[in-house]
Amino acid sequence: QVQLVESGGGLVQPGGSLRLSCAASGSRYSINVMGWYRQAPGKQRELVAVRAPGGTTNYADSVKGRFTISKDNTENTVYLQMNNLKPEDTAVYSCYAQARRLDRLSPENYWGQGSQVTVSS
């Protein structure tokens with residue numbers, strides 16, 4: 001089983017910054033894609049940013065230029081640096097990982113516990 005432990009959410013004023021962290025563990029797994037999704041009240045979950053093993057990244061249009069996803073491969077930790085936050089960024093942010101158990105062919109999806117990010121004055 002892959003475990004994803006998140007940290008870094010909280011309350012911030014508009015224009016402020018936060019950094020989310022997600023540490024993945026699972027010694028018998030090969031972790032591929034890692035990223036972040038978010039879900040605001042009354043809305044569907046949406047992709048925020050993902051990072052492929054080779055370093056390719058993909059961002060939601062609404063966060064391009066403001067959010068940056070990065071990964072520490074030695075620690076299997078992915079970060080989401082969020083700058084110039086807006087009230088519409090308020091949501092529960094969940095870490096995501098696609099991982100394959102070493103004795104299996106197909107990967108599976110794993111989710112963190114979710115971190116509340118609230119942008120408000």
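The values are calculated or read from the model by the stated rules, or taken from the named source; none is laboratory data. Keep in mind that what you see is a predicted model, and the values were worked out from it rather than measured. A quick note on method: Cβ atoms are made from the backbone with ideal geometry, for glycine too, and the neighbour counts reach across all protein chains shown. Each accessible area value is taken on the protein alone, full model and side chains, heavy atoms only, with ligands, DNA and RNA left out. Shrake-Rupley method; radii C 1.70, N 1.55, O 1.52, S 1.80 Å.
Figures for the structure shown
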{"item": "Within-11-Å neighbourhood charge of R101 [Cβ basis; K, R +1; D, E -1]", "result": "+1"}
{"item": "Solvent-accessible heavy-atom area per residue, rounded to whole Å², over the chain at 1.4 Å", "result": "54 Å²"}
{"item": "Accessible surface of the chain, 1.4 Å probe, proportion on carbon and sulfur as whole %", "result": "44 percent"}
{"item": "Placed amide H near V33: partners under 5 Å, 5+ positions off or other chain", "result": "Q98"}
{"item": "Straight-distance crosslink candidates among lysines, where the alpha carbon sits under 24 Å from K43 and sequence neighbours closer than 8 are dropped", "result": "K64, K86"}
{"item": "Total charge dipole magnitude, the chain, about the Cα centre, Cβ charges on Lys, Arg, Asp, Glu only, Debye to nearest 20", "result": "140 debye"}
{"item": "Length-normalised contact order of the chain in % [C-alpha pairs under 8 Å, at least 6 apart]", "result": "36 percent"}
{"item": "Of the trypsin sites (Lys or Arg not before Pro) in the range 58-121, those whose Cβ has at most 11 other Cβ within 10 Å and which sit in DSSP loop", "result": "K64, R104"}
{"item": "GluC sites (Glu not before Pro) lying in DSSP loop within the range 33-121, provided at most 12 other Cβ fall within 10 Å", "result": "E75"}
{"item": "Projected-area average for the range 1-83 over all orientations - Cα convex hull basis, square nanometres", "result": "6.2 nm²"}
